[in-house]
Amino acid sequence: MDTLTLEPGQIVDREYKVERLLSQGGMGAVYVVEHVTTGKRRALKVMLSHLVRDQASRDRFEREARIGARIESDNVVEVVDAGVDEATGLPFLVMELLDGVDLDHVIETQKIIPPKGVADIVDQLCDALGRGHAIGVVHSDLKPENVFLEKPRRRGVAFTVKVMDFGIAKLISDEVREARVTTPMGSPLWMAPEQTQRGAAITPATDVWALGLLVYRMLTGVSYWRGANAPEGKVSVGTMVLEVVVRPLDPASLRAQEMGVAALLPAGFDGWFARCVVREQDQRFANASLAWDALEPVLAGASRASTVPQVPTYVAPVAQVATQAAPPQHMPTQVAPMPGSWGGPAAPTGPQSWSQPIAPQEVRWPMVQQRVYAPAQGGQYQMATVLEVNKQSSMIRVRLDTGAEGWLPASQLRSTF
């Protein structure tokens, strides 16, 4: 049964009641489910049945599916169960249900993330990768969609990074190779040269390659690869493979200069990037922990030297879970630019029409059309919708549910959680 369709109310493996579909891709689908015994809501990922053609492959699936549980890190998505559903023949994983947004959504909506924000993300990301590398576990499909920023569960933490799909990427890759399929494995924008070669060794340095590209993308707002920055927005897999495997790998600053974003790269970044994105694995950082140790002072120096206003401190509020699609974005209604490298619409700077109470919980990378609490006249908080974000001044325009609109400092907003 090679269908991934499950119906609401359907019971999987006698334990998990399907509530709704979250997302679906070529190799799997993710559902929100309820554990019938405890009532706990989880994320259920089902994959195509050819991954478990026989008992040996079934045993291997269950072993590889639990590989993330071997990594002692709060930054790895917890897998609580794995197996094969007898009724449908579908292999499945049961994971913690995340509440937040993936890094791909943050990148697409914010375009550029300041060095401090990049450091906050990469520190946690490399904790997950580094702990996996220390026990011989390679992710092999590191990309923004597999890095999740979860709503914090304790005070004083902006967000918790969760890395998804440890073990599963390798499982699917090996299955494709066994089936003699010649399509290169991995996501073209992030895959290392060795991932295009049959039989090549996949090591922790494979993840380091993707890490370098990911940090470059967060800092500059563009891809390192020329083919991915085409005006029409279409990426040719063939062109990408040529860039990854054959064409010269220019310094990061040279590629950034071509796109007019060289000023966004901190001093010393070229040297760090060259130790990540180099075709010879033995010339890369040996693992993610070493890569972070070298990157941390580069980003710290950029944060100290920067005069660009930093974005506020948490994604607020977030109603999506795991792989749920991002909401449509509201286009800015003002066009007068402000000085500074963020470049965007200017927010009003005159007296505010609403009172300014003591700043409550701060927010990070607030997104338009999100629901927040905002202070109205008299200082009382009311439900509102974010209409527009001005990053230079950290001002946000909101519309109260009563109909009133106005600009407020981001620090004046409260999460709905």
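The values are calculated or read from the model by the stated rules, or taken from the named source; none is laboratory data. Predicted model, so just to flag it, every value in this text is computed and none were measured. A quick note on method: Cβ atoms are made from the backbone with ideal geometry, for glycine too, and the neighbour counts reach across all protein chains shown.
Tabulated data for the structure shown
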read-out	value
Residue identified as at pLDDT 95 or above and surrounded by fewer than 16 Cβ atoms within 10 Å (Cβ to Cβ) among A305, A300, A294	A294
Some residue of region 254-264 being assigned by TED's automatic domain parsing to the domain that holds A200, closer than 24 Å to A128 by Cβ and out of contact with any His (no Cβ under 9 Å at 6 or more places or on another chain)	no
Region 26-40, subset of a type in the set (G, A, S) and part of a strand (DSSP E or B), residue modelled with the lowest pLDDT	G28
Qualifying residue in region 143-160 (condition: in contact with a helix residue (DSSP H, G or I) (Cβ under 8 Å, 6 or more places away or on another chain), part of a strand (DSSP E or B) and surrounded by fewer than 23 Cβ atoms within 10 Å (Cβ to Cβ))	yes
Residue in region 129-138 that is touching a Phe, Trp or Tyr at 6+ places or on another chain (Cβ under 7 Å), aliphatic (A, V, I, L, M), at pLDDT below 90 and closer than 25 Å to Y224 by Cβ present	no
Residue match in region 169-185 (condition: at pLDDT 85 or above and either touching a His at 6+ places or on another chain (Cβ under 9 Å) or surrounded by fewer than 18 Cβ atoms within 10 Å (Cβ to Cβ) (or both))	no
Qualifying residue in region 260-282 (condition: small (G, A, S), in contact with a helix residue (DSSP H, G or I) (Cβ under 7 Å, 6 or more places away or on another chain) and assigned to a helix (DSSP H, G or I))	yes
Check on T239, in a helix (DSSP H, G or I), surrounded by fewer than 23 Cβ atoms within 10 Å (Cβ to Cβ) and in contact with a helix residue (DSSP H, G or I) (Cβ under 9 Å, 6 or more places away or on another chain)	yes
Condition check for A87: more than 20 Å from the chain's Cα centre (by Cα) and within 28 Å of C126 (Cβ to Cβ)	no
Residue in region 105-127 that is closer than 23 Å to L48 by Cβ, assigned to a helix (DSSP H, G or I) and modelled with pLDDT of 90 or more present	no
Tabulated pairs, region 394-405, first of a type in the set (S, T, N, Q), second in a strand (DSSP E or B), C-beta under 7 angstrom, 6+ apart or interchain	S394/P409; T402/Q382
Per-region count, region 71-87, residues assigned to a loop (DSSP other than H, G, I, E, B), touching a helix residue (DSSP H, G or I) at 6+ places or on another chain (Cβ under 8 Å) and either without any contact (Cβ under 8 Å) to a residue 24 or more places away in the chain or more than 18 Å from F166 (Cα to Cα) (or both)	1
